[in-house]
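What follows is a set of notes on a single structure, which appears directly below.
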Amino acid sequence: MFGKVLALPSAIPEATAIRKQLVINDLSIHHEDSNKSRSKCLPQNLSRFPLFLQYMNYVVFGGSRGIGAAVVERLMNEGHAIWAVSRSGEVPIAGLPDTIDGVVYAPGSINLKPFRGLKLDEFRADFELNAMGAVKALQSCLPAMKTAGKASVVLFSTVAVQSGMSFHASIAMAKGAIEGLTRSLAAEWAPQIRVNAIAPSLVNTDLAARLLSTPEKVEASGKRHPLQRVGEPQDIAAAVEFLLGASSDWMTGQILAIDGGMGSLR
């Protein structure tokens, strides 16, 4: 079940967890501290815990599975507070923190069919989930990102947008909108909020289970890539962490290809 997880490193005794479960707009929301203010979540003696000098509030949409779950795990391991929000239903604005340092919109779809077999409702569903879902998420988080002073957004496209692949009409159209949104918002929100996107190729998640259901399929899919393997969630999570953090502070409006060379090499 998707939900929200506010996590502090368990090794730090001052970060005593208060386990709660709330329901907001039919979402099960879990968090580890009753305070939304980052200052109240931090240990009083910061000098003893230098990790918290880089403590951030991140919201990850679609954070309970696949790439989103890998992102949540990686950021939690760095000591950040994470809100993982379901991709279903309306965005629970009341459940978000007052200050947001970064937003990741990870939900996606793989709907591969010949154009003649795609119904209009399928185009609409892919567009609603991938493009309009990102719009709704960012609208809900924008006030808290402005409060942060500086923030970063990471969205997801696909290698199929720039490469052109058979049977990808619906998803490429929806993710193409994400690339346009990325560049437009990067221009509009600079310099306070950076906006970038990742364009992966096939990644070994449950979303791709039908395409990677046997060792033979995994091997065949890997051989289509110059690096001779499919992606893993951790490959993408590492790029997300880079785009959220200070190491990419002079980077915005970019579509980062993490695709095993699929998009640029033959």
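Filter Lys136/Lys217; Lys113/Lys223; Lys113/Lys175 down to the pairs with a C-alpha to C-alpha distance above 25 Å, please.
Lys136/Lys217
How far apart, in nm, are the 7 Å Cα→Cβ label points at Phe167 and Ala125?
The two pseudo-label positions are separated by 1.7 nm.
Looking at the square roots a ≥ b ≥ c of the eigenvalues of the Cα gyration tensor of region 172-212, which shape do they give, rounded for a/c under 1.5, prolate if a/b is larger than b/c, or oblate?
Prolate shape, in that a/c is at least 1.5 and a/b is the bigger ratio.
Tell me the label-point distance for the pair Leu112, Met132, using the 7 Å Cα-to-Cβ offset, in nm and rounded to one decimal.
Here the modelled spin labels are 2.7 nm apart.
Check Asn204: other-chain or 5+ apart residues with amide H under 5 Å from its amide H, H built from backbone geometry?
The answer is Gly231, Glu232.
Can you list the residues, at least 5 places off or on another chain, whose amide H is less than 5 Å from the amide H of Val195, using H built in the peptide plane?
Val153, Gly253
Bear in mind that the values in this text are calculations on the coordinates, not laboratory data. Fair warning: this is a prediction, and the values are worked out from it, not measured in the lab. A quick note on method: Cβ atoms are made from the backbone with ideal geometry, for glycine too, and the neighbour counts reach across all protein chains shown.
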